[in-house]
1. Compute, for residue 519, the solvent-accessible surface of its heavy atoms (probe 1.4 Å) with the complete set of protein chains present, and express it in square angstrom to the nearest 10.
2. When the Karplus curve 6.51 cos²θ - 1.76 cosθ + 1.60 is applied with θ = phi - 60°, which whole-Hz ³J(HN,Hα) does each residue of the range 19-32 get, with x for Gly and Pro?
3. Rg (Å, one decimal) plus Dmax (Å, integer) for the alpha carbons of the range 228-395?
4. Hey, can you rank 254-262, 389-397 by average C-beta count inside 10 Å, highest first?
5. Kindly write out, for the range 324-330 in residue order, the coupling ³J(HN,Hα) from the Karplus curve 6.51 cos²θ - 1.76 cosθ + 1.60 (θ = phi - 60°), rounded to whole Hz, with x marking Gly and Pro.
6. Can you list the lysines whose alpha carbon is less than 28 Å from that of residue 637, not counting same-chain residues fewer than 8 positions off?
7. For the range 233-276, list residues with backbone N below 16 Å from a point placed 7 Å from the Cα of residue 590 toward its Cβ?
8. Summing -39500 (n - 2.57) over the DSSP H runs of n ≥ 4 in the chain and dividing by its residue number, what mean residue ellipticity at 222 nm do you reach, to the nearest 500 deg cm²/dmol?
Amino acid sequence: MSHGFAGNILRLDMTAKRATTEPLPDIWCTNFLGASGINDWILWNEVPPEVEPLNPENRLIFGVGPLGGTLIPLGSRTHVTTRSPLTGIFGDGNGGGFWSSTLKFAGFDHIIVQGKADKLSYVYIDDGKVSFRDAAHLKGLDMYQTNIALKKELGQDVSVAAIGPAGENLVRFANVMFDSFRSASKGGAGCVMGSKNLKAIAVRGTKPITVAHPEEVRRIAEDLRRKLDIRLSKGIASFGETGTTFLARHYNEEGCNSVRNYQDVVFDRIDDIDAEKFVREYVQHNISCATNCPVHCAHHWHIPSGRYAGEEGSKIEYIIMDAMGMHLGVGDLGAILHHQNLVNRFGMDATQTGTGIGLLMELWQHGIINEKDTGGLRMEWGNLEAIDEAVKQIGARKGAVGELLADGTVAAAEKIGKDAIKYVCHSKGLTEVEDVRGFPAWALGYAISTRGADHLKAHSQIDKQFKRDVSIQLFGVPDAGDPTTTAYKAKSSRYHEEFESIINSLGICMMHAQSLAIKSNPKERVHMAEYANIFSQVTGLPMTKESIQQSAERNVILEHCFNARLGITRKDDTLHGRWMNEPCPGGLGKGMKVADYLDALLDEYYTERGFDVKTGKPTRQRLESLGLGSVADDLSKRGII
């Protein structure tokens, strides 16, 4: 077996309470790289379109990449893949924390969960030994309580992946959380985990992970650590100091926040919630979320005064500041932190929670719904009591608002009727809060994303950071660095779709990799091609800059094929709501709307990918060129291509 990997896949049959170990084939490692790529291959082969998301035969797949848990200082992430119960299509999420490296230290790179236990259970992995245990005492516990209870029961050195009450109650956007505060939020993996009666997977691991060329790996690690040194890089220093919270003000200046359910893109109370205020008044200390991460972008925070005085927590991302803040008209940073804690405790995706509540608030604003529809809750902008109660009802799947929103924002709009759906911005059933009307690369990325509207499947910071020189370095022209134009955005989207597949397959941090790719000094940048040598030095497996790009493309197209098998075509690669048809009200892209340019960008993207431009489907020729002949045969047999 190659180095870098633990070399094993753990299969958990919840129905039979049986654990089996399978070797991880080297060919999978070179073809799909690891983590998300191997997850994709397993999902394709084991979850045919006949298997619905909450069917016991759906798979819940955890994957850790070959760089996780090694000396390479780029974080260590867990990728979770399934068929999404929220959208019905491909679903995946990615989370930090120490669970990823601990799983490798216990001897496994991947876990495949199938079947359904007869009662609520948890799985304990102790240095490779696996046991299924009764979880009756954990039933109803929130995410923080579950983590505390299992550490008390098993020892403080275990790492815990768990679901909260939302997962138990099959909220369609329930997430899986690692070590209490890090989440794989997209796609509803926590709902699938709950449907299998699996409350948690607790892991202890002490086994070493070897690397093929220790001295060269040490040299690479030291070079990367220097490039990530917050004392030497202004951009990376901002992550180290504030995490992603600095983006709230940056995006306010550019005009891509979502304010009051996408009615505006500039928040008038940005001074009340910006990163400087967060660091100055709330942060206690910075912490790293993973083995060998030098950036420590997470924070332990404490609310010093006000309604939620004394409450503590860890980590807040820009997305939560928007989804549970600006999107709902909330300019109280303490309240946003409190609601982050509440959403985390229930174990739910904050974006879907926020867009659902935001929908009701706008419908209330227009008089489309009233207290009869909400069980007495006054869904007015910024109403903290209403937000608090709504989150609790969603997580419990109880009450008028909870029953309405627990299946997702699009489903809620369809239940309400009265043209409510026109107030929902989404793609393929997944909502997002960053406004993309004035940013064509991001709009295209949302539209082609295999899991629905999302900023982490094909996103670039080249445009939003005005990195024209990076565009020249990658594409030979500056155009990809111009945020509001359409030129080279399809080419950039294809590149970043593959780059992010490499990041998620190697098991490293998206923020680190994106930051290294746009450093001011061109000689300091780490682009997609550079990861080929890192992969080879760690694993001992051959990899060139051409072959790592091909592996990434294989992963990306495999996800598109999974969706094509479910009936997804070009008509689904689109956006809905204000994004599509209403001109952007402010910022750099004032007056722009996605309908004006998306079709042309899709034509360019499908041409770049070698897809059929009319249908948006992969072609047999493209699949066979990537060694995916069996995938082409399956799609052909079903009459899809």
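1. 20
2. 10, 10, 10, 10, x, 8, x, 4, 5, 5, 5, 7, 6, 10
3. 16.4, 58
4. On the way: 254-262: 25.3, 389-397: 22.3.
Highest mean packing first, the order is 254-262, 389-397.
5. Values per residue, Gly and Pro as x: 9, x, 4, 4, 9, x, 9 Hz.
6. Output for residue 637: 428, 571, 614, 617.
7. So the set is 252-257, 264-268.
8. Details: 27 runs with 259 residues, N = 641.
Theoretical 222 nm ellipticity from helices: -11500 deg cm²/dmol.
The values are calculated or read from the model by the stated rules, or taken from the named source; none is laboratory data. Note that the structure is predicted; figures quoted are calculated from it, not measured. Here Cβ is always computed from backbone atoms with ideal geometry, including for glycine, and neighbour counts include all displayed protein chains. The protein model used for the area step is the full one, side chains on, heavy atoms only, and it has no ligands, DNA or RNA in it. Shrake-Rupley method; radii C 1.70, N 1.55, O 1.52, S 1.80 Å.
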